[in-house]
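Have a look at the structure below, then the notes.
The values are calculated or read from the model by the stated rules, or taken from the named source; none is laboratory data. Small disclaimer: the values here were computed from a predicted structure and weren't measured. Cβ placement follows ideal geometry from the backbone for every residue including glycine, while neighbour counts extend to all protein chains displayed.
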Amino acid sequence: MRENFFSLRTVMWEEGCVKMIDQTALPQRLVYKTFDSWEGVADAIRRMVIRGAPAIGVAAAMGVALAADRSRSEGRDQLLKEIDRAAEGLRRTRPTAVNLFWGIDRVVATARRAGPSVDKIRDATVEEAKRMAEEDVESNRRLGAFGAPLLDDGDVVMTQCNAGALATVGYGTALGVIRAAREAGKCVKVIVNETRPALQGSRLTAFELVRDGFHCTLISDTAVGFMMSSGRVDKVIVGADRITRDGYVFNKIGTYQVAVLAQRHGIPFYPAAPRSTFDLKRTHDQIVIEERAYDEVVRVKGRRIAPKGIPVANPAFDKTPPELVTCIVTDFGLIRSPIEQNLQTVIG
Ligand code: MRU
């Protein structure tokens, strides 16, 4: 068995600060940034220094813990108010990935349950955020083990965006399945869609797969249909930012067209996501799709590639309806078709 665990941690609590890989510097430079305020963590999430649904969930949780840990409040009520203010600020960073809200809510609830002592509240929030980081890696490992049997030796698997170690605390969701398949002795090749406009595929997925010695091929997003129609893709695995109770999978922009093309060519389409990505309270029409800066579309490396004044749309995510999904891989098993019905029975 070959050890292929991406050994870096994306985000961690270290000496009273939140430390994270600066994903804006990849693939050229692997550097860390350290934050000692929740405002700094919020800014890092907004600017995508850290990104990926599970990773921003844990980072936001650590941001709340940072607010508690650094607070000079002497009474419970005042401390809880400060925690709420940080939570509110962190909630406003990015709207689509539900893990962000899940991470914040979990630490806030821990603070409220911790009793009257401010020291206990501080310790409990920090411990909870650290625990969430550990749990993330464990749940990705479980998810990988459930998903690995879906891949056959020799498969070529396409992926969109980055749902790897860099999008989580470690190991990854979609890439976790690919890692687990390799750990089970299978040879799996990966096709990496570049994922315009922020290029998470070429900058991040390609970075971690090359670093871990995977056979991978980078393609432009416009090559997806041709690769499928010429028989060069066996399966598709993607991550998710939110899966609603009606079975819609929200993920990086471009995922929907990959799913449509996969169905057209009879290729299985597997989203992979932990429990924290499921939003059983909402249906797909209630979700806000983040619209990011127009500059991401009209500039490449700071250089303008479109005429001034051109109107631009830059939705960061799209939604794939359940009828295009073959099966969802989670950390508690597989959710097979009909997705909407089975989702309710498996985790409802
Ligand atoms: O805008 P990003 O880079 O945060 O978007 C990330 C994705 O869409 C990922 O595919 C998703 O969060 C799943 S990560 C395990």
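Which count do you get for residues in the range 314-334 that are in contact with an Asp or Glu (Cβ under 9 Å, 6 or more places away or on another chain) and surrounded by 24 or more Cβ atoms within 10 Å (Cβ to Cβ)?
Count: 2.
Please work out which residue is nearest to the ligand (Cβ to nearest atom), limiting yourself to the range 273-322 and to residues that are assigned to a strand (DSSP E or B) and in contact with a helix residue (DSSP H, G or I) (Cβ under 9 Å, 6 or more places away or on another chain).
Filtering the range 273-322 for residues assigned to a strand (DSSP E or B) gives 278-279, 291, 299-300, 303-304, 315, 317-320.
Adding the requirement that they be in contact with a helix residue (DSSP H, G or I) (Cβ under 9 Å, 6 or more places away or on another chain) leaves 278-279, 304, 317-320.
Details: PHE278: 13, ASP279: 13, ARG304: 23, PHE317: 6, ASP318: 10, LYS319: 12, THR320: 12 Å.
Only one residue tops the list, namely PHE317.
Results for (1) crowded, with 21+ Cβ neighbours inside 10 Å; (2) farther than 25 Å from ARG51 by Cβ; (3) touching a strand residue (DSSP E or B) at 6+ places or on another chain (Cβ under 7 Å), shown as yes or no for each residue.
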{"site": "MET132", "(1), (2), (3)": "yes, no, no"}
{"site": "ARG179", "(1), (2), (3)": "yes, no, no"}
{"site": "HIS215", "(1), (2), (3)": "no, yes, yes"}
{"site": "SER220", "(1), (2), (3)": "no, no, no"}
{"site": "VAL224", "(1), (2), (3)": "yes, no, yes"}
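Name every residue in the range 173-199 that is in contact with a Ser or Thr (Cβ under 9 Å, 6 or more places away or on another chain) and near the ligand (Cβ under 9 Å from one of its atoms), in order of residue number.
Of everything in the range 173-199, those that are in contact with a Ser or Thr (Cβ under 9 Å, 6 or more places away or on another chain) and near the ligand (Cβ under 9 Å from one of its atoms) turn out to be THR173, ALA174, LEU175, GLY176, THR195.
Identify all residues within the range 44-74 that are within 15 Å of the ligand (Cβ to nearest atom) and of a type outside the set (A, V, I, L, M, F, W, C); write none if there are none.
Step one: of the range 44-74, the residues within 15 Å of the ligand (Cβ to nearest atom) are 44-60.
Within the range 44-74, ARG46, ARG47, ARG51, GLY52, PRO54, GLY57 meet the criteria.
Can you pull out the residues in the range 249-261 that are more than 9 Å from the ligand (Cβ to nearest atom) and surrounded by fewer than 24 Cβ atoms within 10 Å (Cβ to Cβ)?
So in the range 249-261, the residues more than 9 Å from the ligand (Cβ to nearest atom) come out as 249, 254, 256-261.
Within the range 249-261, GLY254, TYR256, GLN257, VAL260, LEU261 meet the criteria.
Of all the strands (runs of 3 or more DSSP E) wholly in the range 6-84, which have at least 1 residues that are touching a Phe, Trp or Tyr at 6+ places or on another chain (Cβ under 8 Å) and either surrounded by fewer than 18 Cβ atoms within 10 Å (Cβ to Cβ) or not assigned by TED's automatic domain parsing to the domain that holds GLY115 (or both)? Let's see the steps before the verdict.
Working: elements: 11-14, 17-21, 32-35.
Qualifying strands (runs of 3 or more DSSP E): 17-21.
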